[in-house]
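Everything on this sheet refers to the single structure shown next.
Taken together, the values in this text are just the output of simple stated rules run on the coordinates, not laboratory data. Just so you know, these numbers come straight off a predicted model, no measurement behind them. Here the Cβ positions follow ideal geometry from the backbone for every residue, glycine too, while neighbour counts run over all protein chains shown.
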Amino acid sequence: MKKIAKFTLGIVLILSAWLVALNMNTYRYPGTAEIRQRLAYLKTTVGQPLEPGSEVWKLRTENPEFMLFSYAFTAYAATNIATRDSSFRAEAIDLIEQCIRQVLSEHIAGIFNIDTPLRPDTDSIPAYSVLYLGHLNLMLGCLRRLQPTQEWIPLHDAISRSLFDRYQNSEHLVLESYPSAIWIPDNAAAMASLYLHGLTTGSPYEKICREWTEHCRKHYLDKKTGVLYSCLLYTSDAADDG
């Protein structure tokens, strides 16, 4: 399984490098008017009820995870845009909040076996999928960077604390995306969320990010290619997911 994972990630890296090289001399950051058009489209799409027929729901037929990714990467893009140009800040905040509410809905939470969706004031976080919690927490962190005072701060703190504690108690410094399935990219999103929490609030959580990075370099790199493993298949009793 590790061979398959390494091969898959290697192909992705090769294709990514080729696309970057192909577009290096042609890409230009879009102007203000074009960005506003794109944000308007995203706002319309994100604002659609998450039900059959909606744009995001259609992705469910390809892979249910794509719905989570659509909202998460929309939030990350909006954050980058607002960080680059503060005139987009209000639009970005509104868009990110909509994305968070959709990710918290039962339609997406249920994909990850979360039968009781989290609320803004939830202060106790079960050992849910790191795929779900990692991206949700990173979205909450992005919103907090743009709007330090808002209703989502307690949930952001609770998820960050839970992830940090679980990693500290994890023998292999990785958490499960699904039972007995550990995906390094999903853990990377969770680590990014902890690093952002530390950067924003001064919490000590970023220290686990340094430990995780060193652990990955030591244990999760292919010796021949230097490529990071994509998936680890520890058994449930061998990998402590916290």
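Taken as entire DSSP H runs, the helices of the chain that both span 15 Å or more between Cα atoms along their own long axis and average 1.0 or more on the Kyte-Doolittle scale are 2-23, 130-146.
Subtract the Cα-Cα distance of TYR29 and ASP222 from 0.36 nm times their separation in residues, and report this length gain in nm to one decimal.
Numbers: separation 193, 0.36 × 193 = 69.48 nm, distance 3.53 nm.
Taking 0.36 nm per residue and subtracting the Cα distance, the gain is 65.9 nm.
Stretching the chain fully between THR149 and ALA40 yields a gain of 36.8 nm (0.36 nm per residue, less the alpha carbon separation). With 0.36 nm allotted per residue and the present C-alpha distance subtracted, the LYS58-LYS207 stretch has 49.7 nm of extension available. For the chain, the number of Lys pairs with C-alpha atoms closer than 14 Å, counting only pairs eight or more positions apart or on separate chains, is 6.
What is the calculated FRET efficiency for ARG101 to SER180, with r their C-beta to C-beta distance and R₀ = 51 Å, to the nearest 0.05? Present the calculation step by step, with values, prior to reporting the outcome.
Numbers: r = 31 Å, r/R0 = 0.61.
Working from the Cβ atoms, E equals 0.95.
Rounded to the nearest 20 debye, the dipole magnitude of the range 98-179 is 280 debye, with +1 charges on Lys and Arg beta carbons, -1 on Asp and Glu beta carbons, and the Cα centre as origin.
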